[in-house]
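S.K.: Mind looking over this structure? Questions follow.
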Amino acid sequence: MAVLPIVEIPDPRLRLVSKPVEQVDDAVRALIADLTDTMYAAKGIGLAAIQVGVDRRVLVIDLQEGEDEGGRPIRDPHAYVNPEVVEVSEELSSYNEGCLSIPEQYADVERPARARVRWLDERGEQHEEWLEGLLATCMQHEIDHLNGVLFIDHVSRLKRDMVLKKLAKMRRAA
Ligand code: ZN
C-alpha cells in the first residue's frame with residue numbers, strides 16, 4: 001500500500017478513456033489499496049485510477065459522513081471496478097463539486113439526482129444498485145474521470161475560465 005502522487009490538470013492523462021479490467025486479481029486489489037490510501041491522504045471522498053496515472057476502470061469512494069466519539073471521520077471505503085451508469089433519474093440535483101486533480105477549486109454542477117450503477121467489487125462480484133444523494137453525485141463525477149471528463153466540463157465556459165484562472169493564480173502564489 002502506498003500514497004501516490006495525484007495527477008493534476010492540465011496533464012493530458014486526465015483526458016484518456018480508461019480501459020476495462022478483465023479480471024479482478026491481486027494486482028487490481030493492490031491498485032485499490034493504493035487508491036484508498038491516496039484518497040485519505042489527500043482528504044478526498046473519491047478517487048479514480050487515472051488520477052494516479054493508471055488508465056484502468058477502477059475507482060474508490062468513501063464519503064466519510066459519520067464521526068466516531070473522538071470526532072474523527074469513520075472510514076468505510078468501497079471499490080468499484082468497471083462501474084457503469086445504466087439508468088438515471090430525470091430529476092437533477094446540484095452540488096458544489098471539487099476535484100483532487102483541480103485542487104481547491106469548486107463549482108456547482110448539475111447532474112441526475114439518482115443513478116443506477118453496475119460494478120464489480122474487489123472480489124469480482126457484480127452489483128447493481130440505485131444510488132442517490134452525495135453518493136450518486138460522487139459516483140457520476142468519478143465515472144466521468146474514467147471517460148476523460150472533468151467537472152469543469154459540465155459548467156459554463158465563463159465559470160470554467162474563472163476556475164482555471166483562480167487555479168493558475170494559486171499555483172503562482174505557492
Ligand atoms: Zn475528480
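S.K.: Length gain on complete extension for the stretch ASP76 to LEU63, per 0.36 nm per residue less the alpha carbon to alpha carbon distance? Present the calculation step by step, with values, prior to reporting the outcome.
M.R.: Details: separation 13, 0.36 × 13 = 4.68 nm, distance 0.79 nm.
3.9 nm is the gain from fully extending ASP76 to LEU63.
S.K.: Follow-up question, since we're still on this one. Can you pull out the GluC sites (Glu not before Pro) in the range 85-174 that DSSP calls coil and that have at most 13 other Cβ atoms within 10 Å?
M.R.: Working: sites: GLU87, GLU90, GLU91, GLU97, GLU104, GLU110, GLU122, GLU125, GLU128, GLU129, GLU132, GLU142; in loops: GLU90, GLU91, GLU122, GLU125.
Loop-located and lightly packed - GLU90, GLU91, GLU125.
S.K.: Put +1 on the Cβ of each Lys and Arg and -1 on the Cβ of each Asp and Glu in the range 12-173; which of ALA48, PRO112, LEU158 then has its Cα farthest toward the positive end of the dipole?
M.R.: The residue sitting most towards the positive pole is LEU158.
S.K.: Probe of 1.4 angstrom, ligands and nucleic acids ignored: what's the accessible area per residue over the range 12-173, in square angstrom?
M.R.: Values: 8780 Å² over 162 residues.
Computed with neighbouring chains in place, this is 54 Å² per residue.
S.K.: Summing -39500 (n - 2.57) over the DSSP H runs of n ≥ 4 in the chain and dividing by its residue number, what mean residue ellipticity at 222 nm do you reach, to the nearest 500 deg cm²/dmol? Mind dumping the intermediate values first?
M.R.: Values: 3 runs with 47 residues, N = 174.
Calculated at 222 nm, the ellipticity per residue is -9000 deg cm²/dmol.
S.K.: Under the rule of at least 5 residues apart or a separate chain, name every residue whose amide H is placed under 5 Å from the amide H of GLN64.
M.R.: Answer set, sorted by chain and number: ASP76.
S.K.: Can you classify the range 12-173 as rounded, prolate or oblate using the Cα gyration tensor, where a ≥ b ≥ c are the square roots of its eigenvalues, rounded means a/c under 1.5, and otherwise it's prolate if a/b beats b/c and oblate if not?
M.R.: Values: a/c = 1.35, a/b = 1.30, b/c = 1.04.
Rounded, since a/c falls under 1.5.
S.K.: Which is the longest run of the chain containing none of the trypsin sites (Lys or Arg not before Pro) found in DSSP loop states (not H, G, I, E, B) with at most 10 other C-beta atoms within 10 Å?
M.R.: Details: sites that count: LYS43, ARG123.
Longest gap between qualifying sites, sites excluded: 44-122.
S.K.: Which value, in debye to the nearest 20, describes the size of the charge dipole of the chain about its Cα centre when Lys and Arg Cβ atoms bear +1, Asp and Glu Cβ atoms bear -1, and nothing else is charged?
M.R.: Values: 22 positive and 32 negative charges, 229 e Å.
That gives the chain a dipole magnitude of about 1100 debye.
S.K.: Moving to a separate point now. If I compute solvent accessible area with a 1.4 Å probe over the protein chains, what percent of it on the chain is carbon and sulfur? Mind showing how you got there, number by number?
M.R.: Numbers: 4820 of 9660 Å².
The nonpolar share, carbon plus sulfur, comes to 50 percent.
S.K.: Straight-line reach only, C-alpha to C-alpha below 19 angstrom: list the lysines that LYS169 could link to, leaving out same-chain residues fewer than 8 apart.
M.R.: Correct list for LYS169: LYS159.
S.K.: Using a Förster distance of 22 Å, how high is the FRET efficiency between GLU110 and LYS165, based on the Cβ-Cβ distance and rounded to 0.05?
M.R.: Working: r = 22 Å, r/R0 = 1.01.
Step by step, r from the Cβ atoms, then E = 0.50.
S.K.: Using 7 Å Cα-to-Cβ label points, what is the SER156/ALA42 separation (nm, one decimal)?
M.R.: For SER156 paired with ALA42, the spin-label model returns 2.9 nm.
The values are calculated or read from the model by the stated rules, or taken from the named source; none is laboratory data. Treat the numbers as computed from the prediction; the structure is a model and nothing was measured. Positions of Cβ are generated from backbone atoms using ideal geometry, with glycine treated the same way; all protein chains shown enter the neighbour counts. These accessible areas exclude ligands, DNA and RNA; they are computed on the full protein's heavy atoms, side chains included. Shrake-Rupley method; radii C 1.70, N 1.55, O 1.52, S 1.80 Å.
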